[in-house]
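What follows is one structure encoded as structure tokens, with my remarks underneath.
Nothing in this text is a laboratory measurement; each read-out follows from the coordinates by a stated rule. In this text the structure is predicted, and so the values were computed from the model without any measurement. In this analysis, Cβ positions are derived from the backbone assuming ideal geometry, glycine residues included, and neighbour counts consider all displayed protein chains.
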Amino acid sequence: MAAKLRKGDKVVVLAGKDKGKEGEITSVDPKAGKAVVDGLNMAIRHVRQSQTSQGGRQPKAMPIDLSNLAIVDKNGKATRVGFREEDGKKVRFAKTTGDVI
């Protein structure tokens, strides 16, 4: 199945503690159905000190389920994603505006 949400997409959180917040997807795990959004769903991780990095309590973005994310259209509203063929290529488009993503 084609990916509706991809790395680099601007998304809004639909449910959970960060509901309503926006961010950019930094990584997607399609097998688990989760994505990491920059600056959202933060948790404190205790990191051991190494020669290259300082240890301590560091915030880390944790994965969010793809069902709790929606892509943001050009008007800044959450939208669903559809697929259509243009010039022989399959493209994603925003259902609210019809614009190609």
Problem set entry | Length gained when the stretch residue 4-residue 38 is fully extended (0.36 nm per residue, less Cα-Cα span) | 10.4 nm
Exercise. Given 19/95; 60/90; 21/90; 21/95; 17/90, which pairs have Cα atoms separated by over 32 Å?
Worked result: 60/90; 17/90
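Tell me the net charge near residue 84. Cut-off is 15 Å between Cβ atoms, residue 84 excluded, with +1 for each Lys or Arg and -1 for each Asp or Glu.
On the way: positive: 4, 80, 89, 90, 92, 95; negative: 85, 86, 87, 99.
Result for the local shell: +2.
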Seminar exercise, completed: Simple SL model, points at 7 angstrom along Cα→Cβ for residue 15 and residue 57; separation in nm is 3.0 nm
Exercise. What translational diffusion coefficient, in µm²/s and rounded to a whole number, does the Stokes-Einstein relation yield for the chain at 10 °C and a viscosity of 1.306 mPa s, taking the hydrodynamic radius as the Kirkwood radius over Cα pairs?
Worked result: 106 µm²/s
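Based on the Cα coordinates of the range 41-80, what is the per residue volume of their convex hull in Å³?
Once divided by residue count, the hull of the range 41-80 is 108 Å³.
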For this session: Give me the net charge of residue 47's neighbourhood, meaning all other residues with Cβ under 13 Å from the Cβ of residue 47; Lys, Arg count +1, Asp, Glu -1.
Result: +4
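Work out, step by step, the length gained on full extension between residue 97 and residue 27: first 0.36 nm times the residue separation, then minus their alpha carbon distance; give nm to one decimal. Let's see the in-between values first.
Numbers: separation 70, 0.36 × 70 = 25.20 nm, distance 2.58 nm.
22.6 nm is the gain from fully extending residue 97 to residue 27.
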Seminar exercise, completed: The rounded separation in angstrom of the Cα centers of the range 1-55 and the range 68-99 is 21 Å
